[in-house]
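Below: the structure, in structure tokens.
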Amino acid sequence: MTPDIYPKRLLAVGAHPDDIDFGLGGTVNSLAVSGTEVAYCVITDGDAGGFDPTVPRENIPQIRRTEQRAAADILGVARIHFLGYPDGRLTITQDLRRDISRIIRKETPDVVVIQSPIRNINEMYASHPDHIAAGEAAMNAIYPDSRNPFAHPALLDEEGLEAWTVPQTWVTGYPEPNHWMDITSTFERKIEALRAHVSQTAHMADLKERMRNRAESVAASGGLAAGRAAEAFRVIDTR
């Protein structure tokens, strides 16, 4: 499957604020700089996250939305859609499928990037239950929901959102990738965006080193030259 390297419009769907930036922040910035219009769909507000016990829990959703907006601005993201589902309790429901389908129909993307719906026992952090549920719900929204005018009929009948077929889907965190994006030139911008998620990364003194080691390991697995940094995806034809 040949990836659409420079899509006109890309939608990235993630379970939590910061998921997309951790998983594909370098790719997002590379594409945005090249002219791709990038939008985010963030399913939960990350209200179960954070490490500072002095911050009132009721403040966390707004804090994390604000951090996500700041990070997205750094990477050149055009729009963010927050769905507001509760963190840590995400399940694959008809409502969630409908809400992701709504965003797909609004954005009409050439590429949708989703989290892996398959647990990878070698990657604990990539296999958070919310990530898996988000990936499966997004895949269901891509096929069959968003392309079927008779699925979630209120989207068309009441909101006027025409059916949309997503031509290509990229899966991040998948154990068997088939496409690598070289992010060497945008790695620093990715780190800057991750630092904007203050409630999640302020305590990580070794964030840059950890992400550099990860990105170089991914690059090596894709056959890139030593010292390069990369993010990996499974590219799927979903036309």
Check the range 211-232 and report whether any residue there is in contact (Cβ under 8 Å) with a residue 60 or more places away in the chain and loosely packed, with under 15 Cβ neighbours inside 10 Å. no
Among residues of the range 139-194 being among the aromatic types (Phe, Trp, Tyr) and within 22 Å of Gly227 (Cβ to Cβ), the residue surrounded by the fewest Cβ atoms within 10 Å (Cβ to Cβ) is Trp180
Output for Cβ contacts, cut-off 6 Å, separation at least six or different chains, first residue charged (D, E, K, R) in the range 118-137, second in a loop (DSSP other than H, G, I, E, B), reads Asp130/Ala15; Asp130/Leu90; Glu136/Ile92; Glu136/Pro117
All-but-one check, Ala229 against (1) in contact with a helix residue (DSSP H, G or I) (Cβ under 9 Å, 6 or more places away or on another chain); (2) closer than 30 Å to Asp47 by Cα; (3) small (Gly, Ala, Ser), failing number (2)
Within the range 1-59, the count of residues that are buried (at least 24 other Cβ atoms within 10 Å of the Cβ), within 26 Å of Arg239 (Cα to Cα) and of a type in the set (S, T, N, Q) comes to 3
Quick count over the range 81-115, residues being touching a His at 6+ places or on another chain (Cβ under 7 Å) and either modelled with pLDDT under 95 or among the hydroxyl-bearing types (Ser, Thr, Tyr) (or both), is 2
If we ask which residues in the range 167-191 are under 16 Å from the mean Cα position of the chain (by Cα) and small (Gly, Ala, Ser), their number turns out to be 1
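The values are calculated or read from the model by the stated rules, or taken from the named source; none is laboratory data. Small disclaimer: the values here were computed from a predicted structure and weren't measured. A quick note on method: Cβ atoms are made from the backbone with ideal geometry, for glycine too, and the neighbour counts reach across all protein chains shown.
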